[in-house]
Amino acid sequence: MFDPRGLIDVVLVLVVVLAMAPFFGRYLGQVFTDRPAFGDRIWNPIEHQLFRLLGTNPRHSMRFKEYTIALLVTSAAIVLWIFALMVLQSSLPWNPNGIPGMSWDLALHTASSFTTNTDFTHFVAESQLSLGGAILGLQIALFLSAGTGLAVVVAFIRGFTRQDGTLGNFYVDLVRAVTRVLLPIAILGAVVLVAMGLPQTFTSSVTAYPMTGGAQTIYLGPVASWTSIEMLGTNGGGWYAANAANQLANPTVLSMLFQTGLMLLIPFSLPFMFGQMVRKPSEANPYIATILIVFLIALGLFMYFQYLGDPALGSIPGLTISGNYPVGQQALGTLPETSFFQISSIYANVGAQEMALGSITPGAQMVTFFGMFTQSTPGGVGTGFGVLLVFSLVAVFIGGLMVGRTPEYLGKRVGKDQMRWSAFLLISHPAAILVPVVVVFVAGLSIPALGAIGPNLQVNAHQFSILLYEFTSESANNGSAMGPINDNTVFFNLVGSAVMLVGRFFPMIAMLAIGSLFSGEEPIPASAGTLQTNSFTFTLYLTLLLIIISGLLFLPVLALGPLSQVGG
């Protein structure tokens, strides 16, 4: 039931995050522009030793090719490390429950998932993941994948401030993202979560004996520290298979609201980091305004559709309707509080789940789809703002052509080469989603061995939405899932791995290429005809362009799924 008192909690969390974002964004700008920043006396000696260990000179600035190779080599090493741990975990220490190693295809999917900041799991964490595999493999990836996204957007932004064709040093950016940003906040967040009731222990499980008889295994572990970086780094892969719906990972409304704040802190701060890095703080305004407009509209629509319910849900096998809430939805807090968590998770590309997404109304499902289609309002750590910046470049380019002037942004000419890479970035997302969807529904109908959704591939709107959500979530590096689907198969593990890698690294390469093109340009002096991008008009223009482009790319496929179910 809708309780308006829950809106107070939503507003308080948003106010706190938005109050912190300008200061935290300024700090990020100082860190990534080598200006004096808080913690220099602590971190500088540590980072110096890390740079020596990595064999890199922090004063060496890389060009596009070198930065990209460093990014891909580092990511490939993470994939191989996690793959080995997952396959060999049965013979490795820290496995008190004797969990066997994963199959090669499941291990590949897991490695690809956690390296790409997706954290989409085709396994049951409690029974298929050892303590050692989680801590020595996946938890390390939670830091490095988020740090990689932050490093790439920082390099992208540097293109607007440089004229020598360089983007910075990937290894320096990655180290500083982890040491100066993710690690200290994650430690602080873990301490707070422990105080809120989340377990933090190296004991893998305990046995409880209920008064009704029998025995029950309760799985434990370093849940608080895992959850902290899971939310802060917009990762989303939960310690438990039930994710944030598990009471040990999210015991109270207060813990849910705190985790929501962690999810939004970095994405909401990146526009202000951008303003600091380009030394024009007012340029942050159109981006944070666009994010808030889309985010708040999405939150309002999600609550509206959930409150109304939908008679179409009554025809879905396995869903029992009780009032407006199908059984299967988590109701830890009020509708506004739970909706706030879920929309924050989807729109920040976290993927943590407090609700069973297969049981929310079709209208609410469309809202979640749109958040993954845009990937930028606010999107995940780093890459979300990078995609929003690409939308802005498209807006500037179209606006310049409309008034008959050479498009320019922050004193740099926006030409055809930048637009080619921008188009490549925007089109790669729907391609990574729609191609595998077509393969499953065309080839899967005639080749039962694919094991697409089960022994019988039922083509209806709800099943189509489930499958579309699977690949959309993987391509957007989101990691949430909508419903029951037999996706732990060789086909889904291999195709899912490819979708996640394409959805992650194609946009990253495009961002670095665009940044490199700008970095090699001489600045153009501003004139009377220069487009004022820090204005309300440009904010509205950018918001509408983002919505229209996303709608044109994805509205037809939505008509086959949730849109066809709206209103029963």
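We did not get these values from a lab; they are worked out from the coordinates using the rules stated. Quantities reported herein were computed from a predicted structural model and do not represent experimental measurements. Neighbour counts run over all protein chains shown; Cβ positions are idealised from the backbone, glycine included.
The amide H of Lys412, built 1.01 Å from its N in the peptide plane, has Ile524 as neighbours under 5 Å, considering only residues 5 or more places off or on other chains. Taking label positions 7 Å along the Cα-Cβ direction at both Thr201 and Ile187, the computed distance is 2.4 nm, reported to one decimal. Give the residues of the stretch 111-129 whose amide nitrogen is closer than 17 Å to a point set 7 Å from the Cα of Asn97 in the direction of its Cβ. Answer for this model: 121-129. To the nearest ten degrees, helix 183-195 and the longest principal axis of the Cα atoms of the chain are 30 degrees apart.
Multiply the residue separation of Ile549 and Ala423 by 0.36 nm, subtract the distance between their alpha-carbon atoms, and state the gained length in nm to one decimal. It would help to have the intermediate numbers written out before the result.
Working: separation 126, 0.36 × 126 = 45.36 nm, distance 1.11 nm.
Gain on stretching Ile549 to Ala423: 44.2 nm.
For the stretch 488-531, the square roots of the Cα gyration tensor eigenvalues, ordered a ≥ b ≥ c, give a/c of at least 1.5 with a/b greater than b/c, which places it in the prolate category. Which whole-Hz ³J(HN,Hα) couplings does the stretch 490-502 yield from phi under the Karplus relation 6.51 cos²θ - 1.76 cosθ + 1.60, θ = phi - 60°, glycine and proline marked x? Each residue of the stretch 490-502 in turn: 4, 4, 5, 5, 6, 5, x, 4, 5, 4, 5, 5, 5 Hz.
With contacts taken as Cα pairs under 8 Å and at least 6 residues apart, the chain reaches a relative contact order of 20 percent.
Against the chain, whose longest principal axis comes from its Cα atoms, helix 253-277 is set at around 20 degrees.
Taking the stretch 58-148, which trypsin sites (Lys or Arg not before Pro) meet the DSSP loop condition and have no more than 12 other C-beta atoms within 10 Å?
Details: sites: Arg59, Arg63, Lys65; in loops: Arg59.
The qualifying sites are Arg59.
Within straight-line reach of Lys280, meaning a Cα separation under 17 Å, sit the following lysines at least 8 residues removed in sequence or on another chain: Lys412. If you plug the beta carbon distance of Asn534 and Thr212 into 1/(1 + (r/R0)^6) with R0 = 60 Å, you get a FRET efficiency near 0.40.
Once Rh for the stretch 381-565 is found with the Kirkwood sum over Cα pairs, what is the Stokes-Einstein diffusion coefficient at 4 °C and 1.567 mPa s, in µm²/s?
70 µm²/s
What nm value, rounded to one decimal, do you get for the distance between Glu66 and Val253 when each label is placed 7 Å out toward the C-beta? About 5.5 nm separates the two model spin labels. Only DSSP H runs of four or more residues enter the estimate; each adds -39500 (n - 2.57), and after division by the residues of the chain the mean residue ellipticity at 222 nm equals -19000 deg cm²/dmol. If we count every other residue with Cβ under 13 angstrom of Leu270's Cβ, Lys/Arg +1 and Asp/Glu -1, where does the sum land? With Lys, Arg at +1 and Asp, Glu at -1, the neighbours total 0.
Cβ-Cβ distance of Val16 and Val435, R₀ of 35 Å, FRET efficiency by 1/(1 + (r/R0)^6): the value works out to about 0.25.
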